Amino acid sequence: MTTMRAAVCVRAGGPEVLEIRELPVPAVRDGWSLVRVRGAGLNRSELRTRQGHSPGVRFPRVLGIECVGEVAASTDPALPEGATVAAMMGEMGREFDGGYAEYALLPNALLMPITSTLPWEVLAALPETYLTARGALDALGAGPGDRLLIRGGTSSVGLAAAAIASGDGIEVAATTRQPGKAGAMTAAGVGHVLLDDAAAHDLWPQGPSHVLDLVGAATAADSLRLVRRGGTVCVAGSLSGWLIPGFEPIAMIPSGTRLTAFHSNDLRGAAGAAVLRRVVHNVETGVYRPNVDRVFGLDDIVAAHRYMESNRATGKVVVVP
C-alpha cells in the first residue's frame, strides 16, 4: 500500500477543520517504525490542539496522542513485524503525525509491545487513560483506608482511577454534574457519587485525604480548600484548560497541604510498558472495566470530536480506521 487515509487537521478551528485525506504511507527511517493503526483513543488535549491552543503545533497535522496497532515495518529487532504495540505521548500528534490515520510512523522509543486477547477498540481505550490514572494515584500516594475524591469522575481517566483505587482498598467518592451517569460511576468502583462539590464535606467533614483533580485549572484552588489539611491534591487533567489564572501559592495552598501533578508523558515508552501490560491483564481478567463509551470510524472523526466536545461521553471515545 502506497497511500493511506488520515484525518488531517488543516488549520485551527472547530471540528469541521478535520478532513479525511489520502496521504502517502510514511517511509520508514532509522529509529522509527511503521505501525498499522487499529484504534486510537480520543483525548481532550487533541481537542485543544485542534482549537489552536498548542503553540508549537503547525498545521496541517494528523492529530492523535495515542494509538494501538501492529508493526508493519520495523527498524528495531525487538519490535518484529506483526507485533502488537501501543504508543502515546512523546509529541505524537503534535510535533509529528499521530494516531488519526491508517498508518503512523512512530519513534521506536515510544512503542510498547503488548500481548492481548482484547478487541482493538477496547485495547485502544487503555494506554493514555489507564497510565494517567495509575501515575496520578502513585503521585498522590493514596493507599488502603485513604479517602479519595475524584473531580471529573465521568471522564475516562476518572472512571479508570476509580477502578484502580477501589481495587487498592481506597474509599472513593467522585463528582459529576450529570445524575444520569451515576450508574456508570458506581459500576466503575465509585462508592459515593456526588452531584456537587459541597457534598464532599457532608460525606467527610474533615475533607478527603486525597483529591484527584481532572477538571484542572478551574478547580485546582477549590480542591486545595476541599482536601483535609495536610492532604494532597494531584492535578492530572485539563478538562477546563491548562492555566490557573491569578495563582498565588501562599494564599491558595493551606499550610502543610500538598499540591502535585502528573503528566502521562512520564510513562511513555519503556517507562510505561510494564504498567500497561498489567492494566491489559487486569482488564482481560475482569479486575478493571474498560470504559469504552462509543466507537467511531475514521470517516466520522468530525462527529467524534463534536461528541467529545459536548461532554456527552461517560468514559473513552475511540476511533478505529
Selection over the range 111-125 where residues are surrounded by fewer than 18 Cβ atoms within 10 Å (Cβ to Cβ) and of a type in the set (G, A, S) yields a count of 0
Any chance the range 239-246 includes a residue that's closer than 23 Å to P113 by Cα and crowded, with 17+ Cβ neighbours inside 10 Å? no
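Every residue, every condition in (1) of a type in the set (A, V, I, L, M, F, W, C); (2) more than 20 Å from R278 (Cβ to Cβ); (3) in a loop (DSSP other than H, G, I, E, B), yes or no:
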site	(1), (2), (3)
L118	yes, no, yes
R134	no, no, no
G153	no, yes, yes
L159	yes, no, no
A165	yes, no, no
G169	no, no, yes
A173	yes, yes, no
K181	no, yes, no
Residues that are out of contact with any Leu (no Cβ under 7 Å at 6 or more places or on another chain) and among the hydrophobic types (A, V, I, L, M, F, W, C), drawn from the range 227-257: V227, V235, W242, L243, I244, F247, I250, A251
Take the range 43-76 and flag every residue that is of a type in the set (S, T, N, Q), assigned to a helix (DSSP H, G or I) and in contact (Cβ under 8 Å) with a residue 40 or more places away in the chain. S45, T49
Identify all residues within the range 106-150 that are among the acidic types (D, E) and in contact with a strand residue (DSSP E or B) (Cβ under 9 Å, 6 or more places away or on another chain); write none if there are none. E121, E128, D146
Go through (1) at pLDDT 95 or above; (2) surrounded by fewer than 22 Cβ atoms within 10 Å (Cβ to Cβ); (3) out of contact with any Cys (no Cβ under 8 Å at 6 or more places or on another chain) one by one and return the number of the condition A139 breaks. (3)
Filter the range 1-47 for residues that are charged (D, E, K, R) and under 20 Å from A87 (Cα atoms) and give the result. R5, R29, D30, R36, R38, R44, E46
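The values are calculated or read from the model by the stated rules, or taken from the named source; none is laboratory data. All values derive from a computational prediction rather than experimental measurement. So basically every Cβ, Gly included, is an ideal-geometry build from the backbone, and we count neighbours across all protein chains shown.
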